[in-house]
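Laboratory data are not the source of any read-out in this text; all were calculated from the coordinates shown. Please read all numbers here as calculations on a predicted model, not as lab measurements. Cβ placement follows ideal geometry from the backbone for every residue including glycine, while neighbour counts extend to all protein chains displayed.
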Amino acid sequence: MSIVTGPPASAIRNQPITQELRDLLDAAALAVGVDAIFVVSGGQPAIGEGTRRTGSTRHDHGRAADIKLFVGGVVQTFTDASGGPVVADFVTAAAARGAIGIGAGVTYMGNDTIHVGFGTSVSDHTKLTWGAGGRSANAPQWLRRAAQAGWAAAPAGHPVAPVVGGVRAMGRYEVIARGGLNLRGGPGTGFPSTRTLPQGTTLHVVAVDPTQPAWVRVDLEGDGLLDGYVFSAYLAPIAAPGGSEAAEEPGDDGIG
């Protein structure tokens, strides 16, 4: 079982990470044989909620962490030419389980620390890697390959539903149910189906139902009007175009 330990109290980003991120890191660690994870930099207040924060919004409310991986008590390292078998495999496993923001680089945070987390906000679904200077253009090739391998495997092995703890709820999604997905008048199978949305249908998730969180309210036309409810397990997020933007990492404390 992996152990996730937190940053020291003196760190700027010393708040806990979300349970969703902890579960993701634990699952990735178990999948590749990592027995301990040390969180160098964790959560921080959002803008306007406190002054003890730095860098981009990725770490707000614990939705990202900068971590070191340990196997047998030894920290795992990489170079920009090679991720090393454990670090690269961990990146792939984390991406397959829902991580969409991943950064690493020798001149970024050193050769033993990587950034793993979600987007810049709960509505940001952009899949992005970055390296030196916090820029995606500088992401090492091994990091790009490892993350892409995980994202490619995600739909079959670990589909990312939009409603885990209300995270990643808003945004564009695609129907991945082979036989189509019922659009219903309410949040549950007890409500009549008004139509069947074919596989590949794109829609906008506008809210998670507060009483039945596995069901989401959707807008099919993108005009702000509600069309009904669908079961979220059969939806996959559609990444926004990207790949060359600055990730605004690391922060002023030298940690992403």
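If I take R0 = 30 Å and measure r between the Cβ atoms of SER123 and ASP35 in this structure, what FRET efficiency does the formula 1/(1 + (r/R0)^6) give, to the nearest 0.05? Could you put the intermediate results ahead of the total?
Working: r = 35 Å, r/R0 = 1.16.
The pair SER123/ASP35 has a calculated efficiency of 0.30.
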Order of TYR173, TYR229 under a 10 Å beta carbon neighbour criterion, fewest first: TYR229, TYR173
For region 4-157: rounded, prolate or oblate by the Cα gyration tensor [a/c cutoff 1.5]: rounded
Length released on extending from ASP23 to GLN199, taking residue separation times 0.36 nm less the Cα-Cα span: 60.4 nm
Sequence ranges 174-180, 93-99, 26-32, ranked by mean other-Cβ count within 10 angstrom, highest first: 93-99, 26-32, 174-180
Stretch gain in nm, segment ILE176-ALA9, where the contour uses 0.36 nm per residue and the Cα spacing is subtracted: 55.8 nm
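Subtracting the Cα-Cα distance from 0.36 nm times the residue separation, let me have the gained length for ILE238 to THR189 in nm, one decimal. Show your work: numbers first, answer last.
On the way: separation 49, 0.36 × 49 = 17.64 nm, distance 2.54 nm.
15.1 nm is the gain from fully extending ILE238 to THR189.
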Estimated distance in nm for a label pair at ASP209 and THR79, the labels positioned 7 Å out from Cα along Cα-to-Cβ: 5.6
